Amino acid sequence: MDTIKVKAIVLSSADYKEKDKLVTLFTIEHGIMQVIMKSVKTQKAKMKFAKEPFCFGEFLISLPSKIITGVEVEDNFFELTKDIDKFYIACAILEAVRTIVVPGEKNVELFIETLKAIGSIAYNGVNDKYVLVKFLLSIFKSMGYSLALDKCSTCGQKFVGKRYLNLDFGEIVCTGCKSGNCMEISARCHSCFKILSETSYDKLNTIKLAQKSEDEALNVLNINFERRFNKKLNLL
Ligand SMILES: [Zn+2]
């Protein structure tokens, strides 16, 4: 019997058998792993936290049983539970991760991005929707669906006038290149994409965008997410 040590964040947990929990971890070493936490109700306090979403730390996992035998919690982002809006946005981030990561495939870049995004929602006093917009833009980029911010994806010309999201390909195009299944996006929303993608997580609290542009941005990105990955994120 082997024991491995992983650094991970809990994405979700569900009841399993009578007293156990099936915990989905996003680990830096192995990507997504499903592990078991035994007799959760009788576990000592530290282990109890470890079944909650957002719990981040070092987990000891016994193989091949995949039973968690120990945990060193680094942060459980408890602040998130104090504000329902922040909590939902942070949950959408975990849901997005769960949707795009292929089990068994590691993705260190996404792991780091996820922690930064959740940390800035919990601690930086940022508009939580800005964080989710930035996070989703980065997901599209890493999955090969970069959204064009300056120049039309098709003809390469700078955007003037109207711009559209092509839902079949997940690309932003100009009026001349608009074809098939396209939805118009406002210049305000497009500029929200550009500013947020160019601002680092720790600087997001210094910007203020046109009111409600983040709502339109999130709506557009959620439609694009559903088209690309067949899953609609649950936003309040
Ligand atoms: Zn074009």
Task: Dipole in debye (nearest 20) - the chain, about Cα centre, beta carbon charges: Lys, Arg +1; Asp, Glu -1 - done: 200
TODO: Place a label point 7 angstrom from the Cα of residue 58 along the Cα-to-Cβ direction, then list the residues of segment 78-110 whose backbone nitrogen is under 16 Å away.
DONE: none
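With a cut-off of 8 Å between alpha carbons and a minimum separation of six or more residues, what is the relative contact order of segment 2-76 in percent? List each step's numbers first, then the result.
Numbers: 177 pairs, mean separation 25.0, N = 75.
Answer for segment 2-76 is 33 percent.
Two decimals, Cα atoms only, Kirkwood Rh: what is Rg/Rh over the chain? Please report the intermediate quantities before stating the final value.
On the way: Rg = 19.7 Å, Rh = 19.0 Å.
When Rh is taken as the Kirkwood radius, the ratio is 1.03.
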TODO: Sort out for me the Cα centre separation of segment 51-75 from segment 211-236, rounded to whole Å.
DONE: 31
- [ ] Any chance you could check the Cα centroid distance between segment 120-174 and segment 192-207 for me, in angstrom?
- [x] 13
- [ ] For helix 128-142, report the angle its Cα long axis makes with the longest principal axis of the Cα atoms of the chain; keep it between 0 and 90° and round to the nearest 10°.
- [x] 80
Task: Local electrostatic count, residue 5, Cβ distance below 12 Å [Lys/Arg +1, Asp/Glu -1] - done: -3
- [ ] Round to the nearest 10 and give me the degree value, 0 to 90, for the angle of helix 187-198's Cα axis relative to the longest principal axis of the chain.
- [x] 50
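Using only the Cα atoms of segment 2-76, build the gyration tensor, take square roots of its eigenvalues as a ≥ b ≥ c, and label the shape rounded, prolate or oblate: rounded if a/c is under 1.5, else prolate if a/b is larger than b/c, else oblate. Working shown, then result.
Numbers: a/c = 1.39, a/b = 1.18, b/c = 1.19.
Rounded shape, in that the Cα axes give a/c under 1.5.
Over 31 Å between Cα atoms, which of 178/203; 86/231; 162/203; 106/231; 208/232; 178/232 qualify? It would help to have the intermediate numbers written out before the result.
Working: 178/203 34 Å; 86/231 21 Å; 162/203 29 Å; 106/231 21 Å; 208/232 27 Å; 178/232 24 Å.
Too far apart for the 31 Å limit: 178/203.
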- [ ] Could you give the size of the charge dipole of segment 37-129 about its Cα centre, using +1 on the Cβ of each K and R and -1 on the Cβ of each D and E, expressed in debye and rounded to the nearest 20?
- [x] 520
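None of the figures in this text is laboratory data; all of them are computed from the coordinates on show. Note that the structure is a prediction, hence the values are computed from the model and not measured. Neighbour counts run over all protein chains shown; Cβ positions are idealised from the backbone, glycine included.
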